[in-house]
Amino acid sequence: MPTAVGYASCSYELRQTGLTRPAYVTFGVDPSGGDALAVADAVFGAWSAAGSFRSIMDSTVTLTATRASLGTDGSGDLVGVNTTTSVGTASGAMVPPNVAVLIHKVTARGGRRGRGRMYIPWCTTAASVDETGVITPAVVSTITAAMLAWRLALSSAAVPLVLLHAPGQTALPPPDPVTGLTVDRIVATQRRRLGRT
């Protein structure tokens, strides 16, 4: 599906040393310019900003590519890929790759159209999650701070975070600015992220 005109669909490609399959974290931004590679560069910069995404990612995980697919008027998306690698800085025995921290995207729009989510693997240790799937409050606070730093870094780089919409039963609205990122205190699962050997 083409990206909304003037907006970019972005992804971080993450690879963990023990797995052959990558994981992806996807999101949308509203860039001020029309150069897809410049958007990818800016999005990568937000990843590595102080206290941002990189600070909560496991040290066995490497960001291997940052992709931006920029929507255009009347033609296909323009794609830019930043291939600069960046290794996470968090340590400890992380939960398996199919267990992720769920981030809720908050916007000013009401209803289901106004809500989004991201799944982030390898950012919480097994010791930080109890037997009912609840993440310890201190870790929730740490991840919340990192998500705030990341969102502010995106805004500072002129690529503010937005919620892109997929077709549904109502008319497709323009993307909505993300006004907040909320960390769910209960872990989420994504079956496809657990690779088979």
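None of the figures in this text is laboratory data; all of them are computed from the coordinates on show. Nothing here was measured: the structure is a model prediction, and the numbers come from that model. All Cβ positions, even for glycine, are placed from backbone atoms using ideal geometry, and neighbour counts span all protein chains on display.
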By how many degrees, 0 to 90 and rounded to 10, does the Cα axis of helix 36-47 deviate from the longest principal axis of the chain?
-> 30 degrees
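Let's test the formula: R0 of 25 Å, r as the Cβ-Cβ distance of ASP130 and VAL106. What FRET efficiency results, to the nearest 0.05? Walk me through the numbers on the way to the answer.
On the way: r = 26 Å, r/R0 = 1.04.
For ASP130 and VAL106, the calculated efficiency is 0.45.
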Starting with the fewest neighbours, write out ASP77, ASP30, ASP130 ranked by other beta-carbon atoms found within 10 Å of each beta-carbon.
-> ASP130, ASP77, ASP30
Given springs between every Cα pair under 10 Å in a Gaussian network model of the chain, which of ILE186, ILE120, ILE143 has the largest fluctuation?
-> ILE186
